[in-house]
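This report concerns only the one structure given below.
The values are calculated or read from the model by the stated rules, or taken from the named source; none is laboratory data. Just so it is clear, the structure is predicted and the values come from calculations on it, not from any experiment. As a convention, Cβ positions derive from the backbone with ideal geometry for all residues, glycine included, and neighbour counts pool all protein chains shown.
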Amino acid sequence: MAVERNQAYWLQKLTTLNIEGRAFIAGRYVDAAAGEQFDCHSPRDGRLLTAVQSCQQADADIAVAAAKTAFDSGVWSETSPKYRKKVMLRFADLMAQHQEELALLESLDMGKPVLEAESIDIKESIASIRWHAEAIDKVFDEVCPTSPDVLGMVTREPLGVIAAIVPWNYPLLMACWKLGPALATGNSVIVKPSEKSPLTMIRVAALATEAGLPDGVLNVLPGFGHTVGQALALHMDVEGLAFTGSTATGKRLLQFAGESNMKRAFMECGGKSPNIVFADAPNLDQLAVHVAESIFHNQGEVCTAASRLLIDASIKTDFVKKVVAAAAEMQPGDPLDDDAFMGAIVDDIQLANIQRMVAMALDEGAELRCGGEQVRADTGGYYFAPTIFDNVDNRMKIAQQEVFGPVLTVIGFDTEEEAIAIANDTIYGLAAGVWTTDLGRAHRVAKKVRAGSMWVNTWDGGDMTTPFGGFKQSGNGRDKSLHAMEKYTELKSVWINLDY
Ligand code: NAD
């Protein structure tokens with residue numbers, strides 16, 4: 001008989017959960033050199049999960065030296081793609097064996113519903129490691145169409161030591177989007193997880209070693225604040241910087257790359273994505289539920305959250321009522337409860353940010369249709385109700401700034417041209433959606449909206465085959481797909497005179 005994986009089930013698992021809070025350098029867990037640590041609390045109920053080591057410059061130096069030694073020795077970088085594939089597939093298998101443990105850890109640390117952590121975060125993390133492992137022995141270099149007396153070749157070589165600095169909203173998944181292609185192409189990697197949710201990345205490092213990844217090839221440096229991330233970004237022996245996080249930090253990291261060794265720097269940053277609904281969109285009742293889901297899942301803490309609903313003015317009043325009704329069904333609950341659509345906001349600082357932005361929207365004259373307040377405060381955790389602001393002007397700050405919480409802004413439009421203009425009136429260009437039954441319109445809008453991902457009659461579509469990243473200030477470079485491997489490799493031209 002199948003076991004019901006309800007709240008009691010996960011609470012029972014919690015009693016045997018071992019939580020590791022140390023850094024992982026050269027194949028083993030270690031304390032930070034200065035011995036400093038910070039407390040890691042669960043946003044679910046405020047409980048202390050563990051103390052986490054707070055790495056700094058000295059730890060960055062040690063980890064970079066270990067990663068460089070491993071790289072220079074060729075113990076990973078010069079092995080055959082087939083061998084790297086085998087080790088990485090074993091790593092993915094071990095993660096799959098520990099799927100429930102990892103999902104529980106992610107949920108407790110970050111606040112998201114545990115079943116979503118399992119079906120999205122952990123499953124997709126495994127998929128990223130597996131997909132790039134499977135791909136690496138099927139990627140060929142090039143032979144140039146030269147005259148017969150010459151052999152021209154274009155080859156790809158790993159960069160060396162990569163620093164992957166990742167955010168807190170999909171902690172393990174954002175790391176694995178970088179680890180998959182970086183490891184497959186032969187690099188050594190140092191992951192700097194967010195101080196808000198470092199635990200799953202710390203845990204899986206040991207699984208990579210167990211799978212046979214040589215010491216020093218994967219290192220994890222947790223740290224409080226910007227110190228250790230900055231040390232990595234400025235380090236002269238770090239050749240590649242792969243970042244996911246806010247646009248403000250991304251800009252800073254580009255400066256660090258320029259101030260140091262001109263390391264290759266790829267930024268995946270914020271968004272304020274438009275979801276454009278035309279009056280001829282199919283099945284408006286069902287669509288209202290999709291619209292609500294695409295802003296409220298993961299508590300709205302999603303870079304591609306559909307935070308701006310651009311709605312045809314002729315159907316706006318009725319449609320907004322439907323979205324408000326759908327939102328009422330998406331209230332936050334205990335992340336360990338199988339009924340919870342939303343879990344907890346990652347911490348009290350992010351909760352305060354959301355509250356500040358809601359107050360700002362009210363000041364600007366946006367009309368609150370639902371939510372707007374903290375809920376479940378008696379739990380000791382940080383929960384916020386699904387919130388909808390209607391009659392928003394796209395020039396308002398609430399329409400321009402990323403909230404990174406469960407807050408939807410509704411903006412009306414009259415024509416297709418106006419919808420496109422509003423969609424593009426933002427510093428961001430991460431993702432966009434368009435809902436219509438008019439094929440010509442779908443193509444026109446998809447072409448004219450400046451975004452790295454464009455979804456037609458769906459939201460958040462794609463798999464490991466599709467690149468993911470932004471236009472404009474949403475970043476550069478792409479995660480996922482074979483294109484991701486380009487970030488972690490240099491092109492080399494070899495020209496051989498055959499007639500010498
Ligand atoms: P953040 O920029 O505050 O932090 C991201 C990471 O950078 C963390 O590990 C943090 O400790 C580190 N960091 C912060 N300041 C630093 C500095 N000066 N030097 C070096 N490292 C530093 O972002 P966040 O709050 O963790 O994440 C939320 C942001 O991430 C949102 O803007 C969201 O849109 C974005 N995001 C983007 C994508 C994408 O693929 N484009 C995916 C997920 C999240």
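Looking at (1) within 14 Å of the ligand (Cβ to nearest atom); (2) among the aromatic types (F, W, Y); (3) crowded, with 21+ Cβ neighbours inside 10 Å, which one does F471 not meet, given that it meets all the others?
Tallying (1) within 14 Å of the ligand (Cβ to nearest atom); (2) among the aromatic types (F, W, Y); (3) crowded, with 21+ Cβ neighbours inside 10 Å, F471 fails exactly one: (3).
Within the stretch 208-249, work out how many residues are near the ligand (Cβ under 10 Å from one of its atoms) and surrounded by fewer than 24 Cβ atoms within 10 Å (Cβ to Cβ).
Count: 11.
Would you pick out the residues in the stretch 429-452 that are in contact with a Ser or Thr (Cβ under 7 Å, 6 or more places away or on another chain), over 10 Å from P274 (Cα atoms) and buried (at least 18 other Cβ atoms within 10 Å of the Cβ)?
G452
Kindly indicate whether K322 is in contact with a helix residue (DSSP H, G or I) (Cβ under 7 Å, 6 or more places away or on another chain) and within 15 Å of the ligand (Cβ to nearest atom). Outline the logic, then answer.
Details: in contact with a helix residue (DSSP H, G or I) (Cβ under 7 Å, 6 or more places away or on another chain): yes; within 15 Å of the ligand (Cβ to nearest atom): no.
No, not satisfied.
Residues to consider are K178, K192, K138, K196; find the one that is free of Cβ contacts under 8 Å to residues at least 12 places away in the same chain and not acidic (D, E). I'd like the intermediate steps shown before the answer.
Working: K178 fails: free of Cβ contacts under 8 Å to residues at least 12 places away in the same chain; K192 fails: free of Cβ contacts under 8 Å to residues at least 12 places away in the same chain; K196 fails: free of Cβ contacts under 8 Å to residues at least 12 places away in the same chain.
The match here is K138.
Mind listing just one residue for me: the one in the stretch 350-383 that is within 16 Å of the ligand (Cβ to nearest atom) and free of Cβ contacts under 8 Å to residues at least 12 places away in the same chain and, of those, surrounded by the most Cβ atoms within 10 Å (Cβ to Cβ)?
If we take residues in the stretch 350-383 being within 16 Å of the ligand (Cβ to nearest atom) and free of Cβ contacts under 8 Å to residues at least 12 places away in the same chain, then A352 is surrounded by the most Cβ atoms within 10 Å (Cβ to Cβ).
Are any residues in the stretch 195-207 surrounded by fewer than 24 Cβ atoms within 10 Å (Cβ to Cβ) and either within 9 Å of the ligand (Cβ to nearest atom) or part of a strand (DSSP E or B) (or both), and if so, which ones?
Once the filter is applied, which keeps residues that are surrounded by fewer than 24 Cβ atoms within 10 Å (Cβ to Cβ) and either within 9 Å of the ligand (Cβ to nearest atom) or part of a strand (DSSP E or B) (or both), the stretch 195-207 yields E195, K196.
Could you check the stretch 264-334 for strands (runs of 3 or more DSSP E) lying wholly inside it with 3 or more residues that are of a type outside the set (S, T, N, Q) and at pLDDT below 95? Show your work before the answer.
Working: elements: 264-268, 274-277, 308-312.
Ranges flagged: none.
When you scan the stretch 150-176, how many residues do you find that are under 19 Å from A66 (Cα atoms) and in a strand (DSSP E or B)?
Of the residues in the stretch 150-176, the ones under 19 Å from A66 (Cα atoms) are 158-165.
Adding the requirement that they be in a strand (DSSP E or B) leaves 158, 161-165.
Total meeting the criteria: 6.
Which members of the stretch 347-396 meet the condition of being of a type in the set (K, R) and either in contact with a Gly (Cβ under 9 Å, 6 or more places away or on another chain) or within 21 Å of G412 (Cβ to Cβ) (or both)?
Initial filter on the stretch 347-396 (of a type in the set (K, R)): 356, 369, 376, 395.
The answer is R369, R376, R395.
Kindly list the number of the only condition in (1) farther than 25 Å from A377 by Cα; (2) not assigned by TED's automatic domain parsing to the domain that holds L105 that fails for M342.
(1)
Residue by residue through the stretch 105-149, note down the ones that are charged (D, E, K, R) and outside any helix (DSSP H, G or I). So that I can check it myself, show each step before the final result.
Applying the first criterion (charged (D, E, K, R)) to the stretch 105-149 yields 106, 109, 112, 116, 118, 121, 123-124, 130, 134, 137-138, 141-142, 149.
Within the stretch 105-149, K112, D137, K138, D141, E142, D149 meet the criteria.
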